[in-house]
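Values in this text are rule-based calculations from the coordinates and carry no lab data. Nothing here was measured: the structure is a model prediction, and the numbers come from that model. Glycine also receives a Cβ, built like all others from the backbone with ideal geometry; neighbour counts cover every protein chain displayed.
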Amino acid sequence: MVGGGRGAFIGALHRIAAAMDGQIELVCGAFSSDPQRSKDSGADLFLPANRCYGTYEEMIRAEAKLPLGERMDFMCIVTPNFMHFPPAKMALENGFHVLSDKPATFSLDEAKKLAAIVKKSGLLYGLTHNYTGYPLVKEARAMVAAGKLGKIRKVVVEYPQGWLATRLEASDQKQAAWRTDPKRSGAAGCIGDIGTHAENLAEYITGLPISELAADLTAFVKGRKLDDDGNLLLRFKGGAKGVLHSSQISVGEENNLNIRVYGEKGGLEWHQNEPNTLLVKWLDQPTQIFRTGNGYLGKAAASATRTPPSHPEGYLEAFANVYRAFAGAVRARLDGKKLAKDDPANDYPKIEDGVRGMAFIEAVVKSSKANAAWTKLET
């Protein structure tokens, strides 16, 4: 692991998700930009001292010298955005698979360079868009792919939060500080942090890439350098239209990610606040309620389900599904096996999703600066 040491937020969630299935063991790490804090963080996790590294460069060089079976099999990156590309590049160039927190990189240029490195290396690269791991998100995707809703016409996806309704970064709150800093977060704030989740979820469920968009970004909080609210119109390949709303100043909202998809025959609705329920709506029938854990769900949803019906299953389990899939893909590589296209181990966000996410961010920023002019995604 790179990042995720003392005082970090997302690293602990990654470690829980990675450990949930007993398929992944944390064996080494460079947990902080401060070498001593990194080593102390590794000690907190009961790692041997010689596997607690001061820097990611030191870790990659040292691990590469160890024989296969003793060295790390893949590296997970859980740092702020500006530190995604350098360790990913070095790991891939030294023979290690990479799983990274989103967005993939600091800029679209970096993402395209990373995609070229992934292709040249022939190694695996995954991105933790963890909301794709929910069973009923997979059921929704399967329904759309099977044509049950007919041709998709409209997509409405929202991700409102309220935690940055005040200038929290001025109080030295670590998570707020780097997310609102263009030198560490990148060209966008709210859109880069959670808007990319909404974009990825819309494309994952519908199977339709966003072709162009019109965006209006605002930094409502005085003194804030990056957007804290965004409103977008979307055009998808194939003719579907959409609306995307992403906000971190929506007072009272927590992580209210939700999506509605409407086709010629029917529609569906899913809320992250109630992830075990999927509403499916029809022209000439009553609304159906699909629930996680039941036998009527398809293969993809069933493989992502961990508990019996009505037992709470949520964020951490979805996160773990991404890790389990990536672990399965790594295991197949180590065993010299080729996975079938529909194997659950193939179902995790890849470098192409990372490039699309960065193209989305840059298109949004460009459009907003041009008074919400329609702007194509340059992938």
Karplus-derived HN-Hα couplings along region 255-271 (A = 6.51, B = -1.76, C = 1.60, θ = phi - 60°), whole Hz, x at Gly and Pro: 10, 8, 5, 8, 8, 10, 10, 10, x, 5, 9, x, x, 9, 9, 9, 10
Pair residue 315, residue 296: separation of 7 Å Cα→Cβ label points (nm): 3.0
DSSP-loop chymotrypsin sites (Phe, Trp or Tyr not before Pro) across region 208-313, with at most 12 other Cβ within 10 angstrom: 296
Area projected by the alpha carbon convex hull of the chain, averaged over all directions, nm²: 18.8
Per-pair calculated FRET efficiency, R0 = 51 Å: residue 337 and residue 173 via Cβ, rounded to 0.05: 0.65
Length gained when the stretch residue 371-residue 183 is fully extended (0.36 nm per residue, less Cα-Cα span): 65.3 nm
Rg/Rg_ref, region 267-379, where Rg_ref = 2.2 N^0.38 Å and atoms are Cα: 1.41
Region 186-200 - phi-based ³J(HN,Hα) in whole Hz, Karplus 6.51/-1.76/1.60, Gly and Pro as x: x, 6, 10, x, 4, 5, x, 6, 10, x, 5, 5, 5, 4, 5
Sequence of 84, 271 once ranked by neighbouring C-beta atoms within 10 Å, starting from the fewest: 271, 84
Whole-angstrom gap from region 12-60 to region 334-357, using each part's C-alpha centre: 25
Cβ-based net charge around residue 157, under 13 Å, with every Lys or Arg adding one and every Asp or Glu removing one: -1
Cα→Cβ-extended label distance, 7 Å offset, between residue 148 and residue 216, nm: 3.6
Using a Förster distance of 22 Å, the FRET efficiency for residue 25-residue 346 (Cβ separation, nearest 0.05): 0.45
Order of 24, 210 under a 10 Å beta carbon neighbour criterion, fewest first: 24, 210
From the C-alpha gyration tensor of region 127-179, square roots of 5λ in Å: 36, 14, 8
